[in-house]
C-alpha cells in the first residue's frame, strides 16, 4: 500500500524485512486472536516494527520498541534499524523512545534527547552526554553505565538518593542557556524557510501505491480478517441461524386470528427483523480494534482514507449475504407469504446495512472503549425498538414531544415496509366478539369483515391491510419505508467517512478551543482582580500584625512505625540452603507440548533470585509452576519449603500488570490484606503497615488514592501488598517491565531491601536488567530456549561458569546482557569441541560451578496457616465492597443514573396512560420495556466485573479468602446499590407512567427490579467465569438477554408455541417475573371498554388477553420463583469458579511422591557412578563435556564429580 509494485519487488522486500526482524520462522503464522495464542509478545513487537520498516519511510517514530524483549532480541532489532538507516545513505531517519538502554544499544544511536521534569536536559551526540553532565558537577562513577548514571541523576524520587546526590538543579534551564541549544533551536526555522523558498511545499517522495492498488490490498486484508477471525462474522452468522431457528420454532406456522393472539404474527416479524439488527452488537469490539489500527496506519500515511472506507464497505456489504440464513429460516418457519420473499430478502439486507452503519458511527463517537460503545449501541437500538410494528406503542399514540423519534428508528421503517408489503396477503379470522353488523370487536377496536361473514356460524375474515391500519395505526408504502431505511444507513455511513478525515476527538478539541478562546480574556481579567485582592489582603495582614495566621490544611498525623516488621521465627539470611527447593519440575500442555524440561534448584531466604532468559524460554511458566498458578498445563515435580510441601499458604504473588483498585489508598489496601491473612490486632497491623510503607518508600503517599500514583509507585504498592502478610516466599512477575532504568533500580533496590530485612525468599522474572539492577540480584536461574536450565546459582558464580566455557565477560559490559546473549544461541554454536547435540542443561550439569540441590527429605503437607475465621474475612470483604462500589461510580452509581434517564424516556413515552381497553397494548408494552431496560442496563457492569474476577482469582490464590466468602460478600456488598438503582428507576417511571398508582404496586415493582438485576448479574458472572474475556462475556450476556425475552411469554404465549420449544419458557426467569409484573399492574384495577361502554376488570383482561390466571399466578409466588432462579444461577457460577480455580495455588507433589523420589535417587547410585565415569572420560574438555547415559527419561540421578559437591539434574536435559 505504500510502495508501487511496478517499481519495487514486494515479495523480496517482505522476505528481507522478515529476516531482519527475525520472524522468518513464523512468517506464515497468525498473530493471534482471543481463541488462538499466535505470536508471542516479543514477536508481535518485532512484527509491528517490521510493518513500518517494510515501507522504507523517510522518518520512523518508534515508541519503546524494545519493551518486553530480552537483550539479544533488543540488540538484534535496533541493529536492524541501524542497518536500514545506514543503507538509506542519509534518506531515512529514526526517532525512538527507549527504557533502560544498554551500552550496546546506545552504540547504535547518533544522538540522544534526554528529558527531565522541566523539559530537555540534553540533546546531542551520545558520547557528549557524559562530558556535559561532568561539566555540571556530576562525574560518572566507575562500574556504572552512562545511561544508568544520567537517569539516576534526573530521577528526583529515587535516583539522586541512591547515588548520594543531594543538590537539585534545574537541568532544563541549565541546558537552555548553553550555546549549543541556542544554535540548534534556530536550525528548524532555517531549514523550513529554505524548503519553502525552494519548493513552495514539502512533498512526499515515496513511491506510493495507486488508489486502486490500495483499495484492492485493503479489501484482501478485510476478507482475510473475516475468514480467520472466528469472533467476527462466523459468530454472527451462527447466532443469526440459531435465533432464526428459535424464532421460527417459537412462531411456527401461526394462524392469523383477531383475539389474544393478534400480536403473534407481528411479534414473529419483529423477532425475524430484530435479530438482524441487534446481532451487530457482536461487532463493536472489532470496530474499536480496527479504529485503533486505522488511526495508527493513517497517521503513518499507509493509505488514503477513501480506499480504506470503500474497501471496508465492500467487504461488509458482501459479508451481509450469509446473514440471510437466519431471516430465511425464520421467514419460512413462521409461514409468511412466500410470494413476498424477494422483497423480504431486500429489506433484511438493507436492515443489516443500516444497523451495522449505526453501530459503526456510534463507535466513531465513543472511540476505542469497546464496552462503552457496546452499551450505547445497544441502548440506542433499545430506544428505537418500541416503535417496531406497533407491538409496544402504536404510531398514533406516541406523544407529540417524541413524535420526531419514530422517523429516525430503523425498526420503524423496517417493520413498516414489511407489514405494508406482506400483510395484504394475510387474512385474519375473527376469534373475538362478532357483531350482527358484520364487525369483529377486540381490545376496543372494531374490525369490519371484508368477506366470509356469517352471523350464524360466527365466521368473519378481515384482511391484513385492515388489521394493521386499524389496530397498529401503520400507514405507509413498502418502497417508501425501504427508501427511508436506506437513507438512515447512508447518513450513518457518511458520518463514518467524515470521522475518518476528522476524528470526533479533534472535533471536540476544536469546539473546546473555540469556547476557551472566548473565555480567555475574561479569565485574565478575573486573575488580575484576584491578584489585586490578594495584594490588599496581604497589606492589611501586615498592618494588623497577622502574618502568623495562615490558612493551610492540617497536616495528617503520621502513622507510627516503631516496631520492626520481622517474623519472630525467622532465620538468618545466610543459614545455608533454607528456603524453597524444587525437584524435577516440568510443565507440559495438554496437547503434549513441553514448555519446561525437568529441572531442579532452590531459592534461599533473605536473597533475591532472578529468573532470566530469552523471550519464550519459559520464565513466567516456571514462576507460575512454582507458585501453583499454571492450571492451563500439567505440572510435574515436587516443590518444598523447609521440609513442607509448598502451597499458597506460604507465598504471595505480585503479577506483572498491577491489579490495584484505584479508589483506595496504599494504607487502606495493606490494612485490608493484612486483616484478611493474619490474626493480629489492628494496632500491630497499623505498625506493620507503616514500617512496610517506609521500607518501600511510600510513607508520603500512605493516604493517597492509588489512582493518583505513578507506575513505579503502583509497582511498589503491589510489592508491599505481597509482603504485608509476611509470606515465606514472594514471587514477582517482571516487576521492572515498562520502567526506565532509574525506576527499575528503585524497584529492585526496594525488593532487595525487603528480602534482607524481612528474611523472605524472593523470586522474580526480569527482562534485560541494567547493570546496577543486576548487581542487586543475589542468585540467578538462567533459562535457555526450549525451557531448559542453563545456569543456577549465585550471580557471582555465573561469571566463573561462563568464563570456564570460553566466554569471559568484558569489564565494560553488563553481565546480564552477556549471559542472555550467550544462552539465546544453541550451546553447540558457541562452545567449541562439543557435538551438535549438546544442550545448555547438559553443559551446566557437568560443570564444576553447578550448585548442589539438597536431596529430598520426608516432605509433609504444609502446616495449616493461622488465619482469621471466614466469618471475620466475610465482614472485612463486605465492608470493602460497600466502600468500593461507593467510590467507584462506574458500576452501580452510573447504573442508577442510566436508570433515571431511561425511566424519564419510558415515562414520558407512556405518560399517564388511560385505563381503557384500547390502551392495553401500550400498558403491556410499557410494563415489558421497563423490565427490559432494568435487565439490559445491568450488562454495563460486565467489563468491570471481568476485572474484579482477575483480582479475586489473584487474592484467592494468595489465600486471602475462600470462594464462598468472596461470593457472599460481593453479593451483599452490591445489595444497597442494587436497591438504589431499582428505587431510582421506579420512582420516576411509576409516577410518570401511572400504570398502577398504589403504593403496594410501587413496593412490588421495586423488589421486582432488584431481583431482575440479580438475574442478569448472575448470568453475567457465569459468562465472565466461562469465557474470562470481556468481549465474549458482554456478547454472550446480551445473547442471553434475547433468549430471556423471546421466551418470556410477552411476544407469544407459551400455549401457542410449538411443543418442541414451549418447554424452554419454563427455564426462563423472565416468564415468572413478567407474569408477576402484569398481575401487579392489572389486578385490582378497572378498565373502560369504549365499544360497549362497560367497565372491565383487570383480572378478566389478564385471563382473556394474556392467559394469566391470577389465582394460579400470584405475584409474590412469581417473585419467589424468580429469586429461586437467582440462587440456582449463582450456585452455577460458584461451581464454575470452583472448577476453574480449585488447583490455583495448590501444592506440587505429595508426601508419597517426595519419599519415592528420594528413594529413587539413593537406589540409582550405581548408575550415577557409571555416569560419572562417562563424564570423567572426557579429560580433554573437563568442564563442558557431553554426558550420555542409558538412564530412562524423567529419572533424576546425582552426579558427584571429584572435589565438587553433588549436582542433581534430569537425563531429559542431556
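All of the numbers you see were taken from the coordinates with simple rules; none came from a lab. A quick note: this is a predicted structure, and the numbers were derived from the prediction, not measured. Every residue, glycine as well, gets a Cβ built from its backbone with ideal geometry; the counts of neighbours run over all protein chains shown.
Below, the figures for the structure above:
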| quantity | calculated |
| --- | --- |
| Sequence ranges 1083-1090, 391-398, ranked by mean other-Cβ count within 10 angstrom, highest first | 391-398, 1083-1090 |
| Order of 315, 430 under a 10 Å beta carbon neighbour criterion, fewest first | 315, 430 |
| Packing-based order for 1014-1027, 250-263, using average beta carbon neighbours within 10 Å, highest first | 1014-1027, 250-263 |
| 594, 61 arranged by Cβ crowding within 10 Å, fewest neighbours leading | 61, 594 |
| Pairwise centroid distance, computed over Cα atoms, of segment 404-467 with segment 613-656, Å | 70 Å |
| Pairwise Cα inverse-distance average, inverted: Kirkwood Rh of segment 889-1141 (Å) | 19.2 Å |
| Distance between segment 936-979 and segment 728-760 - C-alpha centres, whole angstrom | 30 Å |
| Relative exposure of 293, 608, judged by other C-beta atoms within 10 Å (fewest first) | 293, 608 |
| Per-peptide average of other Cβ atoms within 10 Å, ordering 957-963, 1063-1069, 86-92, 896-902 highest first | 957-963, 896-902, 1063-1069, 86-92 |
